[in-house]
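Trainee: Take a look at this one; I'll ask things after.
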Amino acid sequence: MSELYLFDDARARTFEPFALTRPISELRAGTELLRRRWELAAANNAAAFIGAEHLASFEEDGAPPALARAAKIPAGAIVANSRFAVALGETLDAKHSAWECDGEICAARLARPLEATALAEGFDLGSLVSGRTPLKGRWISAVWDFIAQLSMQLTDDIDATASSIDSVSKPDTCIGAHSVTVERGASIEPYVVFDASAGPIMVRAGSTISAFTRLVGPCFIGRDSTIVGDRVANCSIGEKSKIRGEISSTIVLGHSNKGHTGFVGHSYLGRWVNLGAGTTTSNLKNTYGTVHFWTPDGTVDTGQQFLGTMFGDHVKTGIGTMLNTGTVVGAGANIFGGSLHPKHVPAFAWGDGEPYARYDLPKFLDVAERMMKRRGVVTTDALRQQFSLAYERAAGF
């Protein structure tokens, strides 16, 4: 069985606001983390990730560590590009040495040992191989592709995995022709509507769907999450999250709260996000034009008509927070107030508008520790170091 290493290339390392606090392999695409998709294809857990230096202390349950700079990747190991969402059900056959999609190498088996330092951010996996085998999946070329591809990715993922789930009988109120899969151990209260007219729906074990919720497919509810009511459409809700109020075309990475009303659309919530009551995102311009979006290399036209807010890890919003189309809220930011915030809120910002104060690091660490403790996660020295490095790096933005 080949060892698996996940590589954040140069493009992946620009995927803010998430790249500041996590390797891209620990982002959710469709129903699964990118890392988990590769682990299923390789039939092995990832040994390490190769990413930016400020992520050297990254630590999260289930995630592999960063590969030490002095380490050597052994011959026979597979190095996979983190920003390729390999299709569920695909396998990396032992007789092949490289895999491609759309003419670009997405994974390669090493013919000889490779120094970790050789895998700089601009490294081309194609330089390691000669022959190549097609592999099904989707490239994530920009951070907004997670949302642009969400509907197709959810449909493919649920259709590929529904038959393997230990499911209960179909709920009473289902409409539409697509599949509805409720895993044994999930709780569905009365007066829940499953609208599978536009795509399949899956609810994993441990989750609770409260009365007067309408789930609109394609839609995925991860383990141990709670949907408290209203309309959840075309969404991927990660584990141990709490969602109330209208939300559509949105990914919730996990361990995050939208516990109150307020519309969130075409957005991405990182881990440990908490949205105050009435927090609302705009996902469509009044001109119906394409949305422009901040990146570390400057503002770009995404080509997307619908795009909401990217919330980095540990973002907190106060009640009534208003966010424009194509907004980036940097990791660790704590924002509030009823006025419209700018389209780029720096990481670890504090306040109700520009110029923002900077969140005091000890105070941020204290709040993060309290929130994580509520979900049974201990804040270790490695995690504190990780946040400290992110805090230092964020000053450069």
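The values are calculated or read from the model by the stated rules, or taken from the named source; none is laboratory data. Worth saying up front: this structure is predicted, and the values here are computed from it rather than measured. For neighbour counting, all protein chains shown are included, and Cβ atoms are generated from backbone atoms with ideal geometry for every residue, glycine included. These area figures cover heavy atoms from the full protein model, side chains too; ligands, DNA and RNA do not enter into them. Shrake-Rupley method; radii C 1.70, N 1.55, O 1.52, S 1.80 Å.
Trainee: Show ILE105, ILE175 ordered by accessible area, largest first, where the area counts protein heavy atoms only and the probe is 1.4 Å.
Mentor: The most accessible residue leads, giving ILE175, ILE105.
Trainee: Normalising by the residue count of region 257-381, find the relative contact order in percent from Cα pairs under 8 Å and 6+ residues apart.
Mentor: Contact order relative to length: 19 percent.
Trainee: Another one. Compare THR321, THR380, THR91 in a GNM of the chain, Cα atoms joined below 10 Å, and give the one with the largest fluctuation.
Mentor: THR380
Trainee: May I pose another question? Just want the answer: with Cβ charges of +1 for Lys and Arg and -1 for Asp and Glu, which residue in THR261, CYS235, PRO342 is farthest toward the dipole's positive end in the chain?
Mentor: Checking the options against the dipole of the chain, the answer is THR261.
Trainee: A further question follows. Give me the extension gain from GLU59 to ALA94: residue separation times 0.36 nm, minus the current Cα-Cα distance, reported in nm with one decimal.
Mentor: In short, 9.6 nm is gained.
Trainee: Let me ask something else about it. Can you tell me the dipole magnitude for the chain around its Cα centre, using point charges on the Cβ only (Lys, Arg +1; Asp, Glu -1), in Debye to the nearest 20?
Mentor: Approximately 480 debye in magnitude.
Trainee: Then there's this: Can you give the calculated 222 nm mean residue ellipticity of the chain, where each DSSP H run of n ≥ 4 adds -39,500 (n - 2.57) and the sum is split over every residue, rounded to the nearest 500 deg cm²/dmol?
Mentor: -4000 deg cm²/dmol
Trainee: Separate question: Which whole-number percent gives the relative contact order of region 125-204, counting Cα pairs below 8 Å spaced six or more residues apart?
Mentor: 25
Trainee: Which of the aspartates and glutamates could be linked to LYS95 by a straight reach, that is with a Cα gap under 17 Å, when you skip same-chain ones fewer than 8 residues away?
Mentor: Cα-Cα hits under 17 Å: GLU3.
Trainee: Now a separate question. Name the long-range amide H neighbours of GLY206: under 5 Å, sequence gap of 5 or more, or other chain; modelled H, no Pro or chain starts.
Mentor: Sorted by chain and number, the residues that satisfy this are ALA186, SER187, ASP224.
Trainee: Could you please report the charge total around PRO296, scoring K, R as +1 and D, E as -1 over all other residues with beta-carbon less than 10 angstrom from its beta-carbon?
Mentor: -1
Trainee: With every protein chain left in place and a probe of 1.4 Å, what is the accessible surface of PHE146, to the nearest 10 Å²?
Mentor: 10
Trainee: Relative contact order (percent) for the chain, with alpha-carbon contacts under 8 angstrom and 6 or more residues of separation?
Mentor: After rounding, I find 11 percent.
Trainee: Taking a threshold of 30 Å on the Cα-Cα distance, which of the pairs LYS242/LYS343; LYS258/LYS363; LYS136/LYS285 fall above it?
Mentor: LYS136/LYS285, as the Cα separations exceed 30 Å there.
Trainee: Same structure, new question: Would you mind counting up the charge near ILE319? Only other residues with Cβ under 15 Å from its Cβ, with Lys and Arg at +1 and Asp and Glu at -1.
Mentor: With Lys, Arg at +1 and Asp, Glu at -1, the net is +2.
Trainee: Which whole-Hz couplings ³J(HN,Hα) result when phi for each residue of region 349-355 is put into the Karplus expression 6.51 cos²θ - 1.76 cosθ + 1.60, θ = phi - 60°, listed in order with x for Gly and Pro?
Mentor: Couplings: 6, 9, x, 9, x, 6, x Hz.
Trainee: Something else about it: To the nearest 20 Debye, how big is the dipole of region 1-128 about its Cα centre, given +1 on the beta carbon of each Lys and Arg and -1 on that of each Asp and Glu?
Mentor: 200
Trainee: Express the Stokes-Einstein translational diffusion coefficient of region 150-258 in µm² s⁻¹, to the nearest whole number, given a Kirkwood radius over alpha-carbon pairs, 37 °C and a viscosity of 0.692 mPa s.
Mentor: Estimated via Stokes-Einstein, D reaches 251 µm²/s.
Trainee: Mind checking which aspartates and glutamates have their C-alpha under 14 Å from LYS240, skipping anything on the same chain fewer than 8 residues away?
Mentor: ASP61, ASP224
Trainee: Among SER97, ALA43, PHE84, which residue has its Cα furthest toward the positive end of the charge dipole of region 1-136, with +1 on Lys/Arg Cβ and -1 on Asp/Glu Cβ?
Mentor: Farthest towards the positive pole: SER97.
Trainee: If you take every residue apart from SER339 with its C-beta less than 13 Å away from the C-beta of SER339, what net charge results, scoring Lys and Arg +1 and Asp and Glu -1?
Mentor: Summing Lys/Arg as +1 and Asp/Glu as -1 gives -2.
Trainee: Further, regarding this structure: Rounded, prolate or oblate: which fits region 152-215, taking a ≥ b ≥ c as square roots of the Cα gyration tensor eigenvalues, rounded meaning a/c under 1.5, else prolate when a/b beats b/c?
Mentor: Note, shape of region 152-215 comes out oblate.
Trainee: Moving to a separate point now. Report, in debye and to the nearest 20, how large the dipole of region 1-56 comes out about its Cα centre when Lys and Arg carry +1 and Asp and Glu carry -1 on their Cβ.
Mentor: The dipole of region 1-56 has a size of about 160 debye.
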